[in-house]
Amino acid sequence: MRILRTSALALCLAGPVAAQSLPSVPIPKIASSDRPNSEHAFAGVEIHERPAPVPIVLEVSPRGSDAGDGSAARPFASLARAQAAVRAINTTNAVTVRLADGVYRLDAPLRFSRADGGQNGFVVRWEAAKGARPVISGGTRIEGWKRADVQRDIWVADIPRGADPRQLWVNDRLAHRAAVEAPRRAFAFHNWGIEIVDPAWRFLADLPDQTRLEVENTGFFTDRRARVESIRGNRIVLAQPGWRNNIIGYDTFARPVSGERAHFFIHNALAFVRDEGDWWADPAKGKLYYKPRAGEALSASQVIMPRLEALVSIAGAAGQPVQDLQFSGVAFQHTSWLGPSSAEGYASQQSGAYLAGEVANYPSDPIRDCSWGCWAFEARRNHWRQQPAAVQVAAATRILFEDAEFAHLGQIGLGVGNDVSANLSGVGLETRSIEVVRSRFSDLAGGAILVGGITADAHHPSRPEQAVRDIVIRDNVITKVSQVYREQAAILVTYASASLILRNDVSETPYDGIDVGWGWGLNDPGGNTAYMSLKRGYYDQPGNRVYDTPTILRDTVIFGNRVHGVKRWFPDGGAIYHLSADPGALIAENHVYDVPGGIGVYLDEGSRYITVRDNVFDGLGLWVNLNAMDDARPRRITTDNVARGNWHNAGKANGSWSDYVNNRLVDNVTVEGTAWPEGARGVIARAGPAPPR
């Protein structure tokens, strides 16, 4: 086989990397006389030759037996048995684990350590058998439905006592956990909790099982949740520290930026099962209640209740990554992250990051003094947590997901190089050369893909190998994600080097389509002067510093994507959104449409050194927005960007485009209606996933 040593961008723009080209072992150089003819050679690229290793194939089938030998005649039954067999032979052989059609239900998350990857330059590959669609599931099927309430058409089935999931899937569609939306004016918000000021809502005090009730608020860019402790009379007391954390910072529960336009919900009571598709679980009695959608006969329906909080963990140890591991044609389904059910709630900050734990020096009047930042809040910024993904990759090198499916998951689908707090393995970050190609993400409670961490080690690694780099997200279809945690972007890359986000189709999301960057410029050289004020005081807090070295965020490429039908819930953000300095960043040849009144590309605080070129923006409120302002005073925090040669038929360029901040608009073209010129038509035609080869 031929191994081409060249840049990641060149490889990805040229097409798929050969499955067996992942090992990087010393190979003798080919003499010049043995090189291919010039018409087949690549300038500046070394070409090496090695025969492709013939893998040992292990067969697995739900109809097999773990007493088998893994042959086609006697396949294993469980993934755990196949995993043990791989470990016995992967030091001397390439191994393919071939999964037959069917569902592989897990009793615990499947953990891949360094011992499970390829050893000594070999590759371990888990793949679907030809024509098969194997599903790795963390759920269990619920059967035996009986009608519990004839008048309301509510049905009930038995579940294990103690089971208390946050999600339920019926016929491969996310069902709605019972909730009601209430007007914010019916309530008043206090440090201790929520006061009921409209007598019409005092019935809440009569509801049973009050400690399982939740309140939710979606504001300008956050989706916050807090658990109820008790309701007595007109007082809704919320569990701590979740409530305390939800009323400080920005876009808070009590003072959302969008004011009365914010949405307020009360969740999780049998009394709220009113509409088709609503459900509620009673863990104490082991009962699940559901109101069927029109045409759903529960006797013939597939109802799946998730039992696991995460499905797969792929991680080595610090300095010893798992490597050369591939997954092809495999589906990952059915999880339910239970974090928000705890006293922590979900103090959402932005796109899957949340505040947890006790905040020191908590303000005496947080709603008054800390609804637009304060010292106590700023001290915790580098300690926010990330939502754990269903499939987690950390301390890993050369991992491939191709033709995979991530569906029906109760959180972010795939996490790559996230912080320690978001990984079952107890290690985080330290991830490079990960490819996610030709895969589908749909029907997710959270976002599709989260790359990178948000702690100090994420942006300024204390060990060089901690850096997340060379991540490829290519030719994927992402739709109907972030259905529960609506503030999460479909794709988010926080801190990583040389990430390539190429030719994906992203649609039907409540928040942003593609987000890159983190930190609001706080961790870039010189910091963000807007956070040096007495009110925010970020740099006055222990552990927060003004760096004189750059973060690892650089050379991001967002190229050839089709982004549409996003921004369905929140006014803030953009179809493509960027934060902080990103030297060498390129946002090019993307087609953004069907985002009425929204923003095409948003360069938010600290975005620097970004080129936005040759994109097509159709029917937007702003085709590009640049935030270099604070309190109406110009600050040099979002600088050195250029938007060149873009086509747009609506909206305008907004923000600080001027020589003062070296932000330039060059040769952009306003188009009437759909009279796109030839160049724009070419971008539209090429955007989105490339046809399979």
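Out of curiosity, is residue 282 over 26 Å from residue 362 (Cα atoms), in contact (Cβ under 8 Å) with a residue 40 or more places away in the chain, in contact with a strand residue (DSSP E or B) (Cβ under 6 Å, 6 or more places away or on another chain) and of a type in the set (D, E, K, R)? No: the conditions fail for residue 282. Scan region 643-654 for residues that are crowded, with 16+ Cβ neighbours inside 10 Å, over 28 Å from the mean Cα position of the chain (by Cα) and not in a loop (DSSP other than H, G, I, E, B) and the total you get is 3. The criterion of at least 3 residues that are modelled with pLDDT of 95 or more and in contact with a helix residue (DSSP H, G or I) (Cβ under 6 Å, 6 or more places away or on another chain) is met by the following strands (runs of 3 or more DSSP E) wholly inside region 208-254: 223-232.
Taken over region 433-452, the residue count meeting the criterion of being on the phi > 0 side of the Ramachandran plot and either in a helix (DSSP H, G or I) or not hydroxyl-bearing (Ser, Thr, Tyr) (or both) is 3. Within region 683-692, the presence of a residue that is modelled with pLDDT under 95, farther than 23 Å from residue 474 by Cβ and assigned to a loop (DSSP other than H, G, I, E, B) is excluded.
In region 582-608, which residues are open to solvent by less than 10 Å² (accessible area, probe 1.4 Å), part of a strand (DSSP E or B) and over 18 Å from residue 350 (Cβ atoms)? If the condition is that a residue be open to solvent by less than 10 Å² (accessible area, probe 1.4 Å), part of a strand (DSSP E or B) and over 18 Å from residue 350 (Cβ atoms), then 585, 587, 588, 592, 600 are the ones that fit.
When residue 305 is tested against (1) closer than 20 Å to residue 208 by Cα; (2) in contact with a strand residue (DSSP E or B) (Cβ under 8 Å, 6 or more places away or on another chain), exactly one condition is not met: (1). Within region 611-629, one or more residues are part of a strand (DSSP E or B), surrounded by fewer than 24 Cβ atoms within 10 Å (Cβ to Cβ) and modelled with pLDDT under 95. All of 201, 243, 192 fail the test of being in contact with a Gly (Cβ under 9 Å, 6 or more places away or on another chain) and among the aromatic types (Phe, Trp, Tyr), apart from 243.
Each row is one residue, and each column tells you yes or no for (1) of a type outside the set (Gly, Ala, Ser); (2) out of contact with any His (no Cβ under 8 Å at 6 or more places or on another chain).
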{"position": "463", "(1), (2)": "yes, yes"}
{"position": "470", "(1), (2)": "yes, yes"}
{"position": "499", "(1), (2)": "no, yes"}
{"position": "517", "(1), (2)": "no, no"}
{"position": "521", "(1), (2)": "no, yes"}
{"position": "532", "(1), (2)": "yes, yes"}
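Among the residues of this structure, residue 474 counts as one that is in contact with a Lys or Arg (Cβ under 7 Å, 6 or more places away or on another chain), in contact (Cβ under 8 Å) with a residue 60 or more places away in the chain and open to solvent by less than 10 Å² (accessible area, probe 1.4 Å). When you check residue 170 against the structure, is it open to solvent by less than 30 Å² (accessible area, probe 1.4 Å) and under 30 Å from residue 300 (Cβ atoms), yes or no? Taking the combined requirement at face value, the residue satisfies it. I'd like the residue in region 655-682 that is touching a Gly at 6+ places or on another chain (Cβ under 8 Å) and hydrophobic (A, V, I, L, M, F, W, C) and, out of all such residues, is surrounded by the fewest Cβ atoms within 10 Å (Cβ to Cβ). Here the answer is 666. Taken over region 352-383, the residue count meeting the criterion of being open to solvent by 10 Å² or more (accessible area, probe 1.4 Å) and over 19 Å from residue 535 (Cα atoms) is 4.
Here residue 150 passes the criteria (1) within 27 Å of residue 301 (Cα to Cα); (2) open to solvent by 20 Å² or more (accessible area, probe 1.4 Å); (3) under 31 Å from the mean Cα position of the chain (by Cα) except the one numbered (3). With respect to residue 403, is the statement that it is open to solvent by 20 Å² or more (accessible area, probe 1.4 Å), at pLDDT 95 or above and either under 30 Å from residue 173 (Cα atoms) or basic (Lys, Arg) (or both) true? So residue 403 fits the description; yes.
Do we find a residue being part of a helix (DSSP H, G or I) and open to solvent by 10 Å² or more (accessible area, probe 1.4 Å) anywhere in region 265-285? Yes; the residues of region 265-285 include at least one that is part of a helix (DSSP H, G or I) and open to solvent by 10 Å² or more (accessible area, probe 1.4 Å). If you go through region 136-146 and pick out every residue that is in a strand (DSSP E or B) and open to solvent by 10 Å² or more (accessible area, probe 1.4 Å), you end up with 3. I need the full set of residues from region 497-512 which are touching a Phe, Trp or Tyr at 6+ places or on another chain (Cβ under 8 Å) and open to solvent by less than 20 Å² (accessible area, probe 1.4 Å), in order please. Result: 500, 501, 502, 510, 511, 512. Does region 108-115 contain any residue that is part of a strand (DSSP E or B) and open to solvent by less than 70 Å² (accessible area, probe 1.4 Å)? The answer is yes, given that some residue of region 108-115 is part of a strand (DSSP E or B) and open to solvent by less than 70 Å² (accessible area, probe 1.4 Å). Do you know which residues across region 535-566 are buried (at least 22 other Cβ atoms within 10 Å of the Cβ) and modelled with pLDDT under 95? Residue satisfying the conditions is 538 alone. Scanning region 528-561 for residues that are within 22 Å of residue 465 (Cβ to Cβ) and not in a loop (DSSP other than H, G, I, E, B) turns up just one, 554. Closer than 27 Å to residue 114 by Cβ, at pLDDT 95 or above and more than 13 Å from the chain's Cα centre (by Cα), is that true of residue 493? Against the criterion (closer than 27 Å to residue 114 by Cβ, at pLDDT 95 or above and more than 13 Å from the chain's Cα centre (by Cα)), residue 493 does not qualify.
So that you can scan it fast, the table gives a plain yes or no per residue for (1) under 20 Å from residue 423 (Cβ atoms); (2) in a loop (DSSP other than H, G, I, E, B); (3) without any contact (Cβ under 8 Å) to a residue 40 or more places away in the chain:
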position	(1), (2), (3)
454	yes, yes, no
457	yes, no, yes
462	yes, yes, yes
470	yes, no, no
478	no, no, yes
483	no, yes, no
487	no, yes, no
492	yes, no, no
501	no, no, no
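Where strands (runs of 3 or more DSSP E) fall entirely within region 1-107, those with at least 3 residues that are at pLDDT 95 or above and open to solvent by less than 70 Å² (accessible area, probe 1.4 Å) are at 56-60, 95-99, 102-105. Among the criteria (1) within 21 Å of residue 484 (Cα to Cα); (2) open to solvent by 50 Å² or more (accessible area, probe 1.4 Å); (3) over 27 Å from the mean Cα position of the chain (by Cα), the one residue 199 does not fulfil is (1). Taken over region 295-347, the criterion of being hydrophobic (A, V, I, L, M, F, W, C), part of a loop (DSSP other than H, G, I, E, B), modelled with pLDDT of 95 or more and surrounded by fewer than 21 Cβ atoms within 10 Å (Cβ to Cβ) is satisfied by 297, 338, 343.
The values are calculated or read from the model by the stated rules, or taken from the named source; none is laboratory data. Every value quoted in this text rests on a predicted model; they were computed, and no experiment measured them. When we count neighbours, we look across all protein chains shown, and the Cβ atoms used for this are built from the backbone with ideal geometry, even at glycine. Areas reflect the complete protein model, heavy atoms only, side chains present, ligands, DNA and RNA absent. Shrake-Rupley method; radii C 1.70, N 1.55, O 1.52, S 1.80 Å.
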